[in-house]
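Novice: Quick one: the structure is below, questions incoming.
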Amino acid sequence: MAGFRAHWFLAGVLLLSSAPPARSTQAQDPCENPRTQAEMTSCAAAELRKADGELNAVYQQLTKRLSAEHRSQLLLTQKAWLEFRDLHCELLAEIVGGGGTLYPLEHKDCLRELTVARTAQLEALRADANAND
């Protein structure tokens, strides 16, 4: 009987050791290695949302440091910048993406790049406003 149990025990060990490794219960972030155009565009949209959030946070911090007159000027420049950004990125995406499947990705990447650059500009203004206090 002991030999019979040992035989089944060894068979079970061999069966378990040859099984494929268990999959992770956590879903892998598709943006770590996007494989399809849809994944790339989705990831670009997520990066743009993050950049927009950072821009808005810096903008809000900056407005708290400015006089009413300077806040008014900042609002005008921000509106003009937004119009420029949107029009420029539409043009760029048309030229590079040709209106095809690359258009959404190129458009979102352009918007993100300009948004990150604008955030840096506003951060510099905020630093200057803090230095003048």
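Coordinate-derived values only; no laboratory data. Please read these numbers as outputs of a predicted model, since none were measured by experiment. When we count neighbours, we look across all protein chains shown, and the Cβ atoms used for this are built from the backbone with ideal geometry, even at glycine.
Novice: Under 8 Å for C-alpha pairs, at least 6 residues apart: give me the relative contact order for region 35-131, rounded to a whole percent.
Specialist: Across region 35-131, relative contact order equals 46 percent.
Novice: All other residues with a Cβ under 12 Å from the Cβ of GLU47 taken together, and with Lys, Arg as +1 and Asp, Glu as -1, what is their net charge?
Specialist: 0
Novice: Also, I was wondering about something else. Label points 7 Å out from Cα along the Cβ direction at ALA68 and ALA117: separation in nm?
Specialist: Those two pseudo-labels are separated by 3.5 nm.
Novice: Taking K and R as +1 and D and E as -1, what net charge do the other residues with C-beta under 10 Å from the C-beta of ARG126 add up to?
Specialist: Once positives and negatives cancel, what remains is 0.
Novice: Now for a different question. Above 17 angstrom, tally the Cα pairs of region 35-131 and express them as a % of all pairs, no decimals.
Specialist: Tail of P(r) above 17 Å: 55 percent of Cα pairs.
Novice: Cut-off under 24 Å on the C-alpha distance; same-chain residues fewer than 8 positions from LYS64 excluded. Which lysines are left, in chain and number order?
Specialist: Qualifying lysines at Cα under 24 Å: LYS50, LYS79.
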